[in-house]
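Following: one structure in structure tokens, then a few remarks.
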Amino acid sequence: MRRGVVLFITLAILLMLGGIVTLFLKEGLRIKKSVRENIAVIQTNLLLDDMSGFLKKQNFSQEDIFYGSEIPVTIDLGHLSGSITLTSAQSHININKFLKSVMHDQQALIGFLDWLDTLKLKNRSLLISILLDSYDSDRYERMNGSEIILQKPWFQNGTIANEDALETILGYYIELSGDQNISTKRWMKIFGFENDTIDLNYANSDQLRLLYPDLAQLAIDTLSKHDILYQNIDDIPISQESRTKLLQKRFGIQPTLKTSKIAVTIDFTTAQECSGKMGFSMHIKKKRISSLTLSQIRCP
């Protein structure tokens, strides 16, 4: 009897010690990962300082930005490696300016509806209602269920501030409609959240259809090829009638043929095998850095 009690106590102690060892191992791994992440954050700060300092010393021409657009350049700083890409920061339609026009300008609304038709959505009216109800500040529903804030109290109506906010809106539409025909990636290529200008040298066919619903298809095809950098409106090989429309302000957006701000994206991996993505904008004349973004840093 006594021997059984001793054996039981010994087994219990072993199990307890095993649990403690497992706990320490798990905690050690957690601490190790946390240290890696902290080191990675420090290194990204150094990366931002290094790259922004380097870029500020460069004199970018319109040709440099256009012909080098989206071409990744490898970087290796020893403690950190990856790639950097540059393009115009004026390559998106400000969705807030555009939605404001859709609310008050019949031509903007018709053009938006026509473009949405090309997406083959299940419920075009619901999507527009959700977008406009998200953009305006009131809580009155245009359609049943179209006010996100009534279903998700943490959601904020008003200015659509970033990609996360737009993804939430599009995700809510998918949740409500079951429509899988909508591509958030496509929307992110079209819409931005800050600038009120767009360099037509970087505009894609979706953006051109939204801004110029009355523009000839041949003109849209010519501009969206991106074969040549156009610096003068008369250089664009389209009809005079189409050219006269191009630089007129459209739905709160001012088209231009000159980039004054570049967008920089850096994909990186640290020596500790942590990875992430950083982005920022830089005014090419004033050398001012803005719109800094940093993805979640992932460590093994």
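The values are calculated or read from the model by the stated rules, or taken from the named source; none is laboratory data. Since the model is a prediction, treat every value here as computed from it, not as a measurement. Ideal geometry is used to build each Cβ from the backbone, glycine not excepted, and the neighbour counts take in all protein chains shown.
Scanning region 140-158 for residues that are under 29 Å from Tyr212 (Cα atoms) and surrounded by 13 or more Cβ atoms within 10 Å (Cβ to Cβ) turns up Arg142, Met143, Ser146, Asn157. Pairs, please: C-beta under 7 Å, at least 6 apart or cross-chain, first residue small (Gly, Ala, Ser) and in region 217-239, second at pLDDT below 90 and surrounded by 17 or more Cβ atoms within 10 Å (Cβ to Cβ)? Sorted first by the residue in region 217-239, then by its partner, the pairs are Ala219/Ile238; Ala219/Ser242. Under 7 Å between Cβ atoms, at least 6 apart or on separate chains: pull out the pairs that start in region 126-143 with a residue that is assigned to a loop (DSSP other than H, G, I, E, B) and end on any residue that is surrounded by 21 or more Cβ atoms within 10 Å (Cβ to Cβ) and not small (Gly, Ala, Ser). Listed pairs, sorted by first residue: Arg139/Glu147; Glu141/Asp133; Glu141/Glu147; Arg142/Asp133.
Note on region 110-139: residues that are surrounded by 17 or more Cβ atoms within 10 Å (Cβ to Cβ), of a type in the set (A, V, I, L, M, F, W, C) and over 23 Å from the mean Cα position of the chain (by Cα) total 1.
Of the residues Val35, Val73, which single one is over 30 Å from Gly171 (Cα atoms), under 23 Å from the mean Cα position of the chain (by Cα) and at pLDDT below 85?
From the options Val35, Val73, the qualifying one is Val73.
Among the residues of region 173-185, count how many are assigned to a helix (DSSP H, G or I), of a type in the set (Ser, Thr, Tyr) and closer than 21 Å to Asn94 by Cβ.
Residues flagged as assigned to a helix (DSSP H, G or I), of a type in the set (Ser, Thr, Tyr) and closer than 21 Å to Asn94 by Cβ within region 173-185 amount to 2.
For Ile149, the conditions (1) part of a helix (DSSP H, G or I); (2) within 23 Å of the chain's Cα centre (by Cα); (3) within 25 Å of Asp199 (Cβ to Cβ) all hold with the exception of (3).
Tell me the residue from Asp227, Asp206 that is surrounded by fewer than 14 Cβ atoms within 10 Å (Cβ to Cβ) and not in a strand (DSSP E or B), please.
Answer to the selection: Asp227.
Against the numbered list (1) assigned to a helix (DSSP H, G or I); (2) within 27 Å of Ile228 (Cα to Cα); (3) out of contact with any Lys or Arg (no Cβ under 6 Å at 6 or more places or on another chain), Lys100 comes up short only at (2). If you take the residues of region 177-219 that are within 17 Å of the chain's Cα centre (by Cα) and of a type in the set (A, V, I, L, M), which of them is nearest to Asn123 (Cα to Cα)? Per the criteria, the residue is Ile182. Here is the figure for region 240-254: residues that are loosely packed, with under 14 Cβ neighbours inside 10 Å and within 24 Å of Phe193 (Cβ to Cβ) total 3. Restricting to region 187-203, and then to whatever is aliphatic (A, V, I, L, M) and in a helix (DSSP H, G or I), can you tell me which residue is surrounded by the fewest Cβ atoms within 10 Å (Cβ to Cβ)? The selected residue is Met188. Each residue in region 241-287 was checked for being assigned to a loop (DSSP other than H, G, I, E, B), touching a helix residue (DSSP H, G or I) at 6+ places or on another chain (Cβ under 9 Å) and not acidic (Asp, Glu), and 11 pass. Every condition in (1) in contact (Cβ under 8 Å) with a residue 12 or more places away in the chain; (2) farther than 30 Å from Glu70 by Cβ holds for Glu175 except the one numbered (1).
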